[in-house]
Every structure is written in structure tokens, then in C-alpha cells.
Amino acid sequence: MKRFLLLIVFMSFMQTFSFSQKAVYLSEIKKVAEKAWRENPKIVQQWKNTSKPNVLWGYDAPAHPVYLASTLAFLYEETHEKQYAERAAQLLASYGDLREVLPKDYPKSRAEYSNGVPALSNFFYLPPYVRAYLRIRNSGVMDAATKAKIEKEIAESIDFIFRFPEWGTHNRAMLRAEALVYAYLAFPNHPHAAKWKKMAAAIASDNINNWEIEDASLYNPIWMLALFSYAEAANRPDVYNSPMVHYYLDYYTKLIAPSGTIPDFGDAAWNTASGALRFVAIFEKGAAVYKDPMMKWAAQSILHTVTDRVDTMGVGESYSLADAYRWADESIQPERPRSLSQDVLDDVIGKKVVFRNGWADSSTYLLLNYCDEGKWGWLYREYLRNTLTVEHEKMTHGHSDENSIVLLMNKGSVLLHDAGYRDSLPSGKFGSWRADYFHNRVVVRKDKRDPHQGVLDFVQNYGAHRPVETQRIDFLSLKDVDMSRTRVTDNNLGYRWDRIITYVRDPGYFVVVDGIKALRNDYFTYTNFWHAQNVYAQGEHYFDVATDSVPGFKFSPHQSLLIYFPETYAKAEGTEPISRQSQMEHAIYQSVSSSYNTGDYEIFVTILYPHDRNVNAASLIPQFKLLETSVPGKAIALEVTNGATKNYIFVRLDLEMELSPKDIRPRYLYDLGKVSFAGFETDAPFMYATVNNSTVSYSVAEVLKVKYKDKTLMEALPNTHGLQPDGSPDRIAISKWRYWEDTVPLR
């Protein structure tokens, strides 16, 4: 009996706890609704006073009344309090009247207004408007005339979509499909209902069965939330059987930063509440469908990030929270992810690498984005390319940020960050802020920069996206370090650029090696850009920087970042002012101009060292020393001194030098690929080693042999390799090991 009573108490406790998150959602939604209802008349009047046609939508009525109506309608559905339905009905019925601000001859201004100006020309607002009507249609608060007016305006606005039924795997198409299917649900007997349903299915089918073509953390959740909403309205639970859907939810989860949400990459702005709370809704749905505790944690983490920052959210956010509330499965207990540095989530679609030492808000986190425009979704990209003015973007909403470090955080401080969204349509001056020179990456231009010409003045152009191809060459999480090697190839301009990042987990710094190979004889200017709001100190080949705020957000001021360039041959260095994230910042650079022959390499080496701001950044520099190697210009060796211990980071840039010119297998020849430095000799393209008085520890990738002084530390074993391509006899040779780690006594 006692055990039974304890079980009842425990179940009661768990039931109370399990509904706590839904209670938070409902409380926030109610708080938003009351505040927004009071403010709505002022917002609408302000819109009337300042209204002018939108370059995209033409007539563009305000969003606030629509999202407020949807929020109120949801509250009516949950509470059955008629006041919510009455208010929602008032907003829906009066929305079309806002067209009274238009001049009488305005319908003649655009071809699509031949049947009149619709009440809702912005397809973003159609789903919440129709959903609001569906929720209160049978509430008894509307007379027949009011219903008829709302239904007429919905039908006219839905028919308006047929003027431009944009399709493809992206957010704008999926929003259209969502609106169309809800309209069909609302009026299945309407003369046009069948074509609404047919068009919705045609647009949605691509999105259900294919990868999304957007690389932008603002638009990813818009697309997915619309997809989930469509799946619910169209009764398509099979949407969640799609491996793409599960993939994206895992991908978004693994991207979450110490800032509490997904970093801004592509078209996005820092921690926008609307984008963040769409993620909350889709994570709740994902957690419920896949019974995934980490997705549940992601939803709660992002919600807490937003609610800790703002007293009251807006009605756009409450619209997303309503779906989060409905979809939440409180039987799933949140579980913080435990993964550390990794690919996120692959090298075909995601093309991101995260370096991290944990999931706390004080953890170290670096996000590398090497995503190019991609080869999937060709038809959708070409349709957009030939329909819209989008040459500033990767198709669509992606930036020229290939091989860029999008975010670096440490102990809550923001040390490097992304450029932000465009500042005007289609993009601002020089492609703001999508072009390559707004990002933490290498920028390549033909021709020579005059020493008296500013670096930004030289590299800036119209800002159009430059088509490139990207690849992940390698990623390894080793005993002491994490390493990635990613590649950008620009066959048009004629260069290939490998960025090799080494994260030394203790004490927690990064070494970034950029090796650029000329693919043709030409004159090139290579510039390695880093950006920050503040430069706190600078000296010979170093800058100490951080970003303490972006508009609307303040960050922890306790850390800064040493940016140190140990390789300086023929390179100019400096800073120039640049506008990023709607504020003035500093573009920090190393730049070199020269004539290069096919196959020549240029090298940049950058130390990124987060540290407490009260530490003198210059005091960190003496531990780093660039070493000579036996193949100058084709490899980099860095010595890091820590008392009696010396650490070595070695990177070979030329991955082809080890290959036999003869068509044999294996083609790897140690004598062709070996490089020596500081007593070491190896053919490995990457090595991290530690030497003290008694031992040498090493981690190597793609290796045949490692030697230290007169001692062979490891060597691949001989094997018989038959079936030679030219039909020659079997060959005894050694083949590479993927990676190897060991500690060897020196005596």
C-alpha cells in the first residue's frame, strides 16, 4: 500500500511537471495578446500615416492585426472565452478596409490588380489569417454579412496567389502551399477550391520529397514551420517519414550555440525572436514525432533564450508559440546534447563544422560554414535565377560565406560574428551584407592592388555571388585537438583554397591555415579578412578584438580575441571601417598581391586566441613560433612552447606531391610526400605532436610513416597489391592509415 501511495504521488508530480512547459507557452501567448490588443489601434494608425507600396508586395497591409487575430483565435479555441473570438472577428472583418488608404487609381499601377487590390497581397499573412477564421467560424460571434465579407476577401487573396504561384524547395513556395490548403479547408465548395488544393499539392510535393535550397538560418524555420503546418492541414503524416525532415531537425539541433539558439548564417540577424520561436515550434513537433529528448531540449533552450531577453514578445512570435503549444508532447523529458566538435551534419547538404567543448552558455564554440550553392535542386534554383533578381545570393538567401567562420564565442563573449541581413533591396551598396568581403574568410581578386589603394576599395564590387564549389577534405576529433580541412574551388577566377582549422582544446585556441593554390598563371590579390566591432589593442602583426553588441543585443564584455599573424612575408596588414550588422565595425586584414604561376601556393596563418580581457594580448604571442620546413611554400609548421613542453601543429598544403607520376596502386610514395621540420619527418598532411623530456605524443592523419630524430614512431606495413592498372606484376607497397595516435618514450 505504501509503495502504491508513493507511486501515486510520483505520477502526480510528473503530471504537474509535464504540463509546465505548455503552461509557459500559454502564459506567454496570453500576455502577448493583451498587450498587442491595446497597442493595435496605434500600430494601425501609424501604418496608415506612413503607408506606401512595397517593392515586393505592392499594397502591403500591416502584419500586426493578422497575427493578433490568429493569436486571439487560438486562445478562443483553447479557452472557449468568447471575448477572444469577438476580438479576432473584429480584426479579420476590418482588415480589408485598410485599402481605403490607397489612391482610387492605384489598381492601375500593377498588372496583377486587374481584378482589384486583394486584402492580403503578402503571402506571409495568408496562413495566419485563414487559420484564425477557421478557429472562430463556428463561435457564434459573426453574423452572416461578416462571414461573407471575410470569406470574399480570403478567396480574392488566395486567387491572387495564382498570379505568381512561386514554386521550389524554399520558404516562399511553402508559405503559398500552406495558404492554399487552408483556403481549401475553409471553403471546399468554393468554385475555385479544387484548383487551390491542386496548386497546394503541386507546390508542396517538391518540399516534401526534396532538400531545401536555402542556406539561411532566418528562412530555414519559416520553410519548415510552413511544411509542418501544411502537413497537418492536408492530413499528410507521411511528411515525417521523409529522411530530409528528420535530417534537418538533427542538423538544427547540432548548430545551437552558447548564445542559446542557432547562429545567424546567410540572410539572418542576431537571435531574431521571430526566427527563434519558429524553431521552438518545429523542435516541439520533431520531439513529439521522433520521441527525441534533444529536440525537446532545443525547444526549451531557445524559448528560455528569448523569454530571458524580452519582457513581452510580439504577435508574430505568439503565432509560432501557439503551434509549439499544440504540438508539445510533455511526456518527453528534455536532454541536453553531449556531442562535441563535429560535422553538422554532413558534407553534401549541411556543410558546416562546429568546434565546441560543451553545451553550456560559457562553452567555446566556433562555426565554420563551407556550404556552396550546391548541385541539388537544380530546377528550383534555375527557376529562381531566371525569375527573380537574386544574383547577390546563393539560391536563395545564402551569402558568399564559403569557408567563413560565422561565429566564435567563449565564456559568453562574442569574438567573431556574421555580417547580418541585407540593408536594402535587392542588396545594399557593394552587396551588403552578403558579399564575400563582409565575411571572416579569404577573398580573391585578379590584378594587383596599388599599395596606396585601400583594401576594401580594391575588393569591393557590385557584390554579386561568385559561383564556387566546396568540399570537406577532412574532419577529425583527435586526442588533444579537433581538425577540419575544407576547400573552395573557383574555376572561373582560377584558384583553389583550403582552410585548415585546428582547435587546441586545452588551453582553447585555434590555428587557421589558409592555403591558396593558383590554377592558372595570373596576377592575384589575396586578402584574409576578420571582422569585429572593437579593436582594443594592436601591435606588430596582432589585433585584440571583440564585439560587445549588435543593434538590440549586448554581449558579455569579459573576453576578447587575439588575432595574430605569424606568417608575414610580403603581406600588408591593417584595419578599415566597414558596415556590418547595421553598425560600423573594423575589417582586419592581411593582404598580398603577386604574380603566380599555375600550382603556386600562397599561405596565411592566423592564431585565434580567446582570453580574459584583463590579460595583455601581446603576452600570449611569444609562445608561438613559425618553423622552417623542407618544402617551403607547401607546408606550415608551428611550434607552441609551454614551459619544458613543446607542441607542434603541422599542415601540408600540397596533397598531390606524394602521388607517383606512374599509374600504379597504391600511388602514395613516402619519399615524394615526406616533409621534415623540428626533428620530425612524415608524409601526413596533418600532425599535432607534443614533445617533453621523456616522451613524444603525436596524432597524424592519412599517414604512411612518422619519424622523430632517429626513431621511427610508426610505419604502415607492406602488402601485396595485384591488379595493377597497366597489367604489370603484383606490387609490394604500403598504403595509408586513416589516422594514428600514440605516445612513445624517447629513451
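The values are calculated or read from the model by the stated rules, or taken from the named source; none is laboratory data. Fair warning: this is a prediction, and the values are worked out from it, not measured in the lab. Here the Cβ is made from the backbone with ideal geometry for all residues, glycine too, and neighbour counts use every protein chain on show. Side chains are part of the model used for accessible areas, which takes the heavy atoms of the whole protein and leaves out ligands, DNA and RNA. Shrake-Rupley method; radii C 1.70, N 1.55, O 1.52, S 1.80 Å.
Just name the residue that is farthest from P128 (Cα to Cα) out of those in segment 148-163 that are at pLDDT below 95 and of a type outside the set (V, I, T).
Looking at residues that are at pLDDT below 95 and of a type outside the set (V, I, T), I get R163.
Identify all residues within segment 79-91 that are over 12 Å from Y133 (Cβ atoms) and open to solvent by less than 70 Å² (accessible area, probe 1.4 Å); write none if there are none.
Start the filter on segment 79-91 by keeping residues that are over 12 Å from Y133 (Cβ atoms), which leaves 79-84, 86-87, 90.
Within segment 79-91, T79, Y84, R87 meet the criteria.
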Selection status of L627, surrounded by fewer than 22 Cβ atoms within 10 Å (Cβ to Cβ), of a type outside the set (S, T, N, Q), within 27 Å of V406 (Cβ to Cβ) and modelled with pLDDT of 95 or more: no
Unique match (being at pLDDT 95 or above and either touching a Phe, Trp or Tyr at 6+ places or on another chain (Cβ under 7 Å) or open to solvent by less than 10 Å² (accessible area, probe 1.4 Å) (or both)) among R338, R422, R356: R356
Residues that are open to solvent by less than 40 Å² (accessible area, probe 1.4 Å) and assigned to a loop (DSSP other than H, G, I, E, B), drawn from segment 568-591: K571, Q581
Answer from R309, R278 - the residue that is open to solvent by 30 Å² or more (accessible area, probe 1.4 Å), modelled with pLDDT under 95 and basic (K, R): R309
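State which residue is surrounded by the fewest Cβ atoms within 10 Å (Cβ to Cβ) when the search covers only segment 700-717 and only residues that are closer than 17 Å to P745 by Cβ and not polar (S, T, N, Q).
Applying the first criterion (closer than 17 Å to P745 by Cβ) to segment 700-717 yields 706-714.
Within this subset, residues satisfying the condition of being not polar (S, T, N, Q) are 706-711, 713-714.
On the way: V706: 24, K707: 16, Y708: 18, K709: 11, D710: 6, K711: 12, L713: 21, M714: 18.
Residue satisfying both the conditions and the ranking: D710.
Table: residues versus (1) assigned to a helix (DSSP H, G or I); (2) open to solvent by 50 Å² or more (accessible area, probe 1.4 Å); (3) in contact with a Phe, Trp or Tyr (Cβ under 7 Å, 6 or more places away or on another chain); (4) not hydrophobic (A, V, I, L, M, F, W, C).
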position: V66; (1), (2), (3), (4): yes, no, yes, no
position: F74; (1), (2), (3), (4): yes, no, no, no
position: L98; (1), (2), (3), (4): yes, no, no, no
position: K108; (1), (2), (3), (4): yes, yes, no, yes
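Of the residues I664, I732, only one is loosely packed, with under 14 Cβ neighbours inside 10 Å and among the aliphatic types (A, V, I, L, M); which? I'd like the intermediate steps shown before the answer.
Numbers: I664 fails: loosely packed, with under 14 Cβ neighbours inside 10 Å.
Answer to the selection: I732.
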Candidates G358, G350, filtered to the one that is in contact (Cβ under 8 Å) with a residue 60 or more places away in the chain, within 24 Å of R505 (Cβ to Cβ) and small (G, A, S): G350
Within segment 592-615, tally of residues that are in contact (Cβ under 8 Å) with a residue 24 or more places away in the chain and either more than 24 Å from D480 (Cα to Cα) or assigned to a loop (DSSP other than H, G, I, E, B) (or both): 13
Residue under evaluation F565, criteria (1) touching a residue at least 60 places away in the same chain (Cβ under 8 Å); (2) open to solvent by less than 10 Å² (accessible area, probe 1.4 Å), criterion not met: (1)
Residue in segment 377-387 that is open to solvent by less than 30 Å² (accessible area, probe 1.4 Å) and under 22 Å from A532 (Cβ atoms) present: no
Selection within segment 638-661 - closer than 22 Å to P725 by Cα, open to solvent by less than 30 Å² (accessible area, probe 1.4 Å) and acidic (D, E): E658
